[in-house]
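> Dropping the structure in here first, questions after.
The values are calculated or read from the model by the stated rules, or taken from the named source; none is laboratory data. If you're wondering where the values come from, they're calculated on a predicted model, not measured in any experiment. Neighbour counts run over all protein chains shown; Cβ positions are idealised from the backbone, glycine included.
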Amino acid sequence: MNLIIETRDLVKRYGKFTAVNSLSLEVPTGSIYGFVGPNGAGKTTTMRMLTTLTRPTSGQAWVAGHSVTEEPRAVRRSIGYMPDEFGVYDDMRVWEYLDFFAACYDIPENERKRLIEDLLELVDLTHRREDMVDKLSRGMKQRLSLARTLAHDPMVLILDEPASGLDPRARVEIRELLVELARMGKTIFFSSHILADVAEICTHIGIVEAGEMVVQGSMEEIVQLASHREIMVTVRDNEVAEQVQSLIAGTPDVIEVVILEQRGGRSRVRIDFSGDDDGVAAINQKLHAAGIQVLGFNEEIKDLERRFMELTKGIVT
């Protein structure tokens, strides 16, 4: 796997407080990587180290093949960083804001006009180019800030809570823009505590808690992680449900069989199961072989939020 961001045992301490503790990240090239965790989990501190704004206490980190401690200038040329605060540039027009940052990246003046028009078109702000920055909505400011990170055509975008504080429509617009940037070949590394945003667009995810990496991998791998699977069996009434419970309770890899309250005159039985797909099929066959009339048999698919709660359960914050 070709990695564009990698850390090994990254640590950041402030006095006796450890903000990031032996964190190891692996962000594949071309991925949309969601860095997920509650407030105070160490997400922003990690990003500040990756962007060379904060020096690690110990450990190593590389971005686009460059060490963040030994080659900070090369790292900065490779990244576009969007912090969680917009900044204090309210006395500028929208196009002036982008022109200012393009000049900071040493882009020649005769190239900047075309660049600004392209960036404004990309983030759908062409119609606001003459507006003062302080007159923009928060969603527009986020899109403008994202446009600014693209001025020098970086390989990697590191975005700290890009959808934080946005209304639902603006969040959707930001998500769509990130997907479009990934299609253009950018690697997107963004932090969030909004699991819906992560589940919607990410190819990979890392869950961090109290400065430590809980788990990371592709979205498919993370969603499949769980302590057990849940099989729901619907039958005619509680008497039949009790038969299911008695029959299945001793089956290998069955953790627990629970009769749930009735719905619509029918009874449901939850089977907590730690086995594989063949084991699920065997349970279904066992019910039919016993002559039990099964009205419904399905596995409950857990969403990312439920996985997150399972994976972080019991971790000290």
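> Report every pair of residues separated by at least 6 positions or lying on different chains whose Cβ atoms are under 9 Å apart, first residue within segment 269-282 and touching a residue at least 12 places away in the same chain (Cβ under 8 Å), second among the hydroxyl-bearing types (Ser, Thr, Tyr) and loosely packed, with under 15 Cβ neighbours inside 10 Å.
Qualifying pairs under 9 Å: ASP272/SER227; SER274/SER227.
> Applying the selection to segment 129-160, what residues are part of a loop (DSSP other than H, G, I, E, B), touching a helix residue (DSSP H, G or I) at 6+ places or on another chain (Cβ under 8 Å) and among the charged types (D, E, K, R)?
Step one: of segment 129-160, the residues part of a loop (DSSP other than H, G, I, E, B) are 129-131, 136-137, 150-155.
Of the ones still in play, those that are also touching a helix residue (DSSP H, G or I) at 6+ places or on another chain (Cβ under 8 Å) are 129-131, 136-137, 150-152, 154-155.
Of everything in segment 129-160, those that are part of a loop (DSSP other than H, G, I, E, B), touching a helix residue (DSSP H, G or I) at 6+ places or on another chain (Cβ under 8 Å) and among the charged types (D, E, K, R) turn out to be ARG129, GLU130, ASP131.
> Further, regarding this structure: Given (1) over 24 Å from PHE35 (Cβ atoms); (2) touching a strand residue (DSSP E or B) at 6+ places or on another chain (Cβ under 6 Å); (3) surrounded by fewer than 19 Cβ atoms within 10 Å (Cβ to Cβ), identify the lone condition not met by GLY275.
(2)
> While we're looking at this one, here's another question. Test of understanding: among THR7, THR18, which residue is assigned to a strand (DSSP E or B), over 18 Å from the mean Cα position of the chain (by Cα) and among the polar types (S, T, N, Q)? First the steps, then the outcome.
Details: THR7 fails: over 18 Å from the mean Cα position of the chain (by Cα).
Going through THR7, THR18 in turn, just one is assigned to a strand (DSSP E or B), over 18 Å from the mean Cα position of the chain (by Cα) and among the polar types (S, T, N, Q): THR18.
> Now for a separate question. Within segment 217-236, is even one residue part of a strand (DSSP E or B) and within 22 Å of ILE4 (Cβ to Cβ)? First the steps, then the outcome.
Step one: list which residues in segment 217-236 are part of a strand (DSSP E or B), which gives 217-218, 229-235.
Those left that are additionally within 22 Å of ILE4 (Cβ to Cβ): 217-218.
Scanning segment 217-236, I find at least one residue that is part of a strand (DSSP E or B) and within 22 Å of ILE4 (Cβ to Cβ), so the answer is yes.
Yes/no matrix, rows are residues, columns are (1) part of a helix (DSSP H, G or I); (2) among the basic types (Lys, Arg); (3) more than 30 Å from ASP124 (Cα to Cα):
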site: LEU177; (1), (2), (3): yes, no, no
site: VAL198; (1), (2), (3): yes, no, no
site: VAL208; (1), (2), (3): no, no, yes
site: ALA241; (1), (2), (3): yes, no, yes
site: GLU256; (1), (2), (3): no, no, yes
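> Please specify each residue of segment 255-265 satisfying the condition of being more than 33 Å from the chain's Cα centre (by Cα) and either at pLDDT 90 or above or not assigned by TED's automatic domain parsing to the domain that holds GLN245 (or both).
Step one: filter segment 255-265 for residues more than 33 Å from the chain's Cα centre (by Cα), giving 257-265.
Answer for segment 255-265, where residues must be more than 33 Å from the chain's Cα centre (by Cα) and either at pLDDT 90 or above or not assigned by TED's automatic domain parsing to the domain that holds GLN245 (or both): VAL257, VAL258, ILE259, LEU260.
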